[in-house]
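One structure is given below, encoded as C-alpha cells.
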Amino acid sequence: MFDLDLWKEILSALKQNRMRSFMTAFGVFWGIFMLVIMSGAGRALQNGVLDGVRAFATNSAFFWTERTSVPYEGFQRGRRWNYDNQDLEYIRSNVAEIEYLSPRLFGWQQDGDNTVRGERTGVFNIYGDYPDYFKIDQWTTLKGRLMNEIDVMQKRKVCFIGERVVETMFDKDEDPIGQYLKLSGVYFQVVGVIHPETRINIGGGKKEETIIIPFTTMQTAYNYGNIIHFFSVTARKGYSVSSLQEKLKKILKERHQIAPDDLQAVGSFNIEAQFIKFGKLFTGIQVLTWIVGVGTLFAGIIGVSNIMLIIIKERTQEIGIQRAIGATPGKIMTHIVAESVFLTLMAGYIGLSLGVFILAMLNKFLESQGDELFFRNPQIDLRMALSALAILVISGVFAGLIPAKRAISIKPIDALRDEG
Amino acid sequence: MIKLNDIHKSYAMGSSKLHVLKGIDLDIHQGEFVSIMGSSGSGKSTLLNILGILDNYDQGSYHLGGKLISNMSEKKAARLRNEMVGFVFQSFNLISFKNAMENVALPLYYKGVNRKKRNLMAMEYLDRLGLKDWAAHMPNELSGGQKQRVAIARALISQPKILLADEPTGALDTTTSYEVMAILQEINQAGITVIIVTHEHDIASMTKKVVRLKDGLIDEVIVNGELADFSSQYAREIQSV
Ligand SMILES: Nc1ncnc2c1ncn2[C@@H]1O[C@H](COP(=O)(O)OP(=O)(O)O)[C@@H](O)[C@H]1O
Ligand SMILES: [Mg+2]
C-alpha cells in the first residue's frame, strides 16, 4: 500500500531538519558500510586462500625428515637421516589406504646459477618428481605435455618448466619445446611448459620458477643413491588422511630406528588439518565482522531513535492538531515508525550500495594484479545483503517505536497547549 | 445534545491543586449557537476542551449525543471527535507544510477516504468559504482571515454535529472577525451546533446564548432576547470600573 500523504509528511519532516537527519542517518550508513567492507574483505581473504588451494588434493599429507630429537637404540640424538626407495616400496605394498604416493628430490641450489642455456643463466627450483605429483598438486600444460610413467621408467632427461623459466631462458618468440637446458651440469630437453593451479608451495620460492624432472633421472644423474627428500601421499576415498599420516609416521620410525616418542624426526603435515584450521579462521573473521558491524549499526540505530525523539518533541503541537482532528494513536504511531524505517533504510541502502561499489572497484583492481595475491573477489553475497536489509528494517522499527510511544503518550490537549 | 452535570476539573500544580471548574451544569441543544465568556484564566478553554473530548474531567458527568463520555480509550475518543466534533483554534493550527486543500482534506485522510475523493470534497468546502483560488497556497501565504477560513473548512469537512472554536477571532482584526462570525452564523443556520470561546462582547453578542464563567462556576446565562441589552450593560460595567 503506497500512502502518498505518509511519504510527503516523512520527507518534509526530514527536510526540515536536513543536517540532523543527515548526521543521524550517517551512523546507520557507516554501520552498514563497515559491515559490507569488512565482510567483503574477510570473504576476499577466504576466496583468495581457498582459490589458492582448491586444485590441491585436500586429502593429502607430506613427509620430510628432520634430525632426531631422542636417542634410541644406540643412536645419539641429532642424527641426520633420509627416506629411501625401500621405504616407498614397503609402503606401496603394505599400506592399502594410499591412493597416490609421490616421492620428491630437491635439487640443492648451489651458489650461483643452476641453469644454463648458452649465454643465459638462472637460478631455479629443481625438483625430481613422479607423475603422481601432478595428481596431488595440479598444474596445467601450457605447451608440450605433462610427465608420464615412461619418463620415470626410462629415466629420460626431460624437464617441465614454469613460465618464469621460459621468460628467463628463452627469447620472446622462441618455442622452448625441444630445446635443451643445462641443469647443474646435465642437459635436459624441455618437453612441457606448465602453470601452477595452486599456490601451496613445497620447497619455497615462486612456483613459476620451477623446473621438474623425472624423479629417477634426478636420483641417478646427480648421484643421490636411493635417498628421497620428501614424499606426498593422498588417502583413498573413505580413509582419513590424518590417521594415514599417523600410520606412516609409525612405519617410518620403525624402519629407521627412531624413538616412537620422537616428535621431531619425521616432519609431516596434512592439508586436511590445515583446511579445518582455515575454516575456523574464516568463520572467526566473519563472526568478528558481524560483531563489529552490528555494533556500529546499533549505535546508528540509537542515533536514529534519538533524533526521532527530538523530531517528535518539535512536532508535539502538530501531532496534537492531527489528533484533535481525528488521527488515531495507531495512525500517529504508524507514521513515526514508517519515518524511522525510511530514514534507516535510506541510510542503510546508501551504505550498502557504496560498500558494494567500493568492493567492486577493489575487485577490479585486484584482478588487474594477477593471481599472485591471497586476496580475491571481495564480494558479499545476496544472503548477507538481504540480512543486512532485514536488520535495517527491524532496527528502523525499533528505533521508531520508543519515539512513537512517547508521541502517543502525550495527550492531544497537552500537545495543543505546547504552543506556549 | 450536550449535557454537563456538576463537572469538576482541577490541574495539579506541583504539590497543590488548581481547581478550575467547580461544578458546571450546562445543557446545549442541537442547533444552538453558544459563546462562553469570562475573564482570562476563568476556565473557558478548559471547558471547551472537555466538550471536545480533548481533555477529561475529574467529577460529574458529560453526555454527548446521549452517550456518556468518560474514561475513553484514545482510539475511541479520536473516532468520536472525528465523527462529532470540528475544532477551530485561535492560532489556526494549520499544518505548515501542507497547502490549504491538503489541510482541509486531512480529517478525511484519518477517516480513510481516498485521496481523490477527499481532495474533491476539500475543494468544495474551500469554494463555500470563498477560498477556491487559494487551494494550492501554503498557510504562510495566507492572511489571518484566510487561515481561519481554511481551519473552519477543515473543521466542517468531516460533517460534525458540533463546531468548537476557542477564540476564533482572537488573532484577527475587527472586520475579519465579523466576516468569520458571519461564516459561523451561516454554519449554525445549516443546523450545526456552534460553541465559541471569546472575551469580546461584540463577538459574543452575535451568538444566540452567552454563558459567563466566573470563579469556576457559571455566573450567568443570557439567551436570545436579552442579547440586545447585553452590549449596553457591558458598556455600563466598563464605566463603573
Ligand atoms: N494543563 C494545565 N496545567 C496546569 N494549569 C493549567 C493547565 N491548563 C490550564 N491551566 C490553568 O487553568 C486555568 C484556566 O485555564 P484556561 O481554561 O485556559 O482559561 P481561559 O481559557 O479561560 O483563559 C488557568 O489558570 C490556567 O493557568
Ligand atoms: Mg483560553
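Summary table
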{"item": "Pair list, Cβ under 8 Å, 6 or more apart: segment B:72-90 residue at the interface with chain A (Cβ under 7 Å from one of its Cβ atoms) and of a type in the set (S, T, N, Q), other residue open to solvent by less than 10 Å² (accessible area, probe 1.4 Å) and in a helix (DSSP H, G or I)", "result": "B:N82/B:P107"}
{"item": "Subset tally (residues that are away from chain B (no Cβ under 14 Å) and touching a Ser or Thr at 6+ places or on another chain (Cβ under 7 Å)) for segment A:313-354", "result": "2"}
{"item": "The listed residue being of a type outside the set (S, T, N, Q) and open to solvent by 30 Å² or more (accessible area, probe 1.4 Å), out of B:L131, B:L126, B:L68", "result": "B:L68"}
{"item": "Residue in segment B:173-203 that is nearest to the other protein chains (Cβ to nearest Cβ), counting only those that are at pLDDT below 90 and within 16 Å of ligand 2 (Cβ to nearest atom)", "result": "B:H199"}
{"item": "Selection status of B:Y110, open to solvent by 10 Å² or more (accessible area, probe 1.4 Å), away from chain A (no Cβ under 13 Å), aromatic (F, W, Y) and at negative phi", "result": "no"}
{"item": "Sole exception among (1) crowded, with 18+ Cβ neighbours inside 10 Å; (2) under 28 Å from B:N82 (Cβ atoms) for B:R212, by number", "result": "(2)"}
{"item": "Sole exception among (1) touching a strand residue (DSSP E or B) at 6+ places or on another chain (Cβ under 6 Å); (2) more than 16 Å from ligand 1 (Cβ to nearest atom) for B:N71, by number", "result": "(1)"}
{"item": "Segment B:37-49: number of residues that are open to solvent by 40 Å² or more (accessible area, probe 1.4 Å) and more than 9 Å from chain A (Cβ to nearest Cβ)", "result": "3"}
{"item": "Residue in segment A:277-289 that is modelled with pLDDT of 85 or more, more than 30 Å from A:G348 (Cα to Cα) and out of contact with any Leu (no Cβ under 9 Å at 6 or more places or on another chain) present", "result": "no"}
{"item": "Strands (runs of 3 or more DSSP E) enclosed by segment A:83-174 - at least 2 residues per element that are surrounded by fewer than 21 Cβ atoms within 10 Å (Cβ to Cβ)", "result": "A:98-106, A:115-117, A:120-122, A:139-144"}
{"item": "Selected residue [surrounded by 22 or more Cβ atoms within 10 Å (Cβ to Cβ) and under 30 Å from A:Y239 (Cβ atoms)] from A:T58, A:T68, A:T24", "result": "A:T68"}
{"item": "Unique match (being among the polar types (S, T, N, Q) and assigned by TED's automatic domain parsing to the domain that holds A:I258) among A:Q179, A:Q138, A:Q86, A:Q154", "result": "A:Q86"}
{"item": "Segment A:168-193 residues that are farther than 19 Å from A:G107 by Cα, paired with ones that are assigned to a loop (DSSP other than H, G, I, E, B) and polar (S, T, N, Q) (beta carbon under 9 Å, 6 or more apart)", "result": "A:F170/A:Q179"}
{"item": "Pairs where the first residue, in segment B:191-208, is on the phi < 0 side of the Ramachandran plot and the second is within 16 Å of ligand 2 (Cβ to nearest atom) and hydroxyl-bearing (S, T, Y), C-beta under 6 Å, 6+ apart", "result": "B:I196/B:S35; B:T198/B:S35; B:I203/B:T169; B:A204/B:S35; B:A204/B:T198; B:T207/B:S35"}
{"item": "Selection status of B:I69, away from every other protein chain (no Cβ under 13 Å), touching a residue at least 12 places away in the same chain (Cβ under 8 Å) and either of a type in the set (A, V, I, L, M, F, W, C) or under 13 Å from B:A155 (Cα atoms) (or both)", "result": "yes"}
{"item": "Filter result for B:G52 (within 16 Å of ligand 1 (Cβ to nearest atom) and within 14 Å of chain A (Cβ to nearest Cβ))", "result": "yes"}
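The values are calculated or read from the model by the stated rules, or taken from the named source; none is laboratory data. These numbers come from a predicted model, not from an experiment. Glycine also receives a Cβ, built like all others from the backbone with ideal geometry; neighbour counts cover every protein chain displayed. We work out accessible area using only protein heavy atoms, side chains counted, and drop any ligands, DNA or RNA first. Shrake-Rupley method; radii C 1.70, N 1.55, O 1.52, S 1.80 Å.
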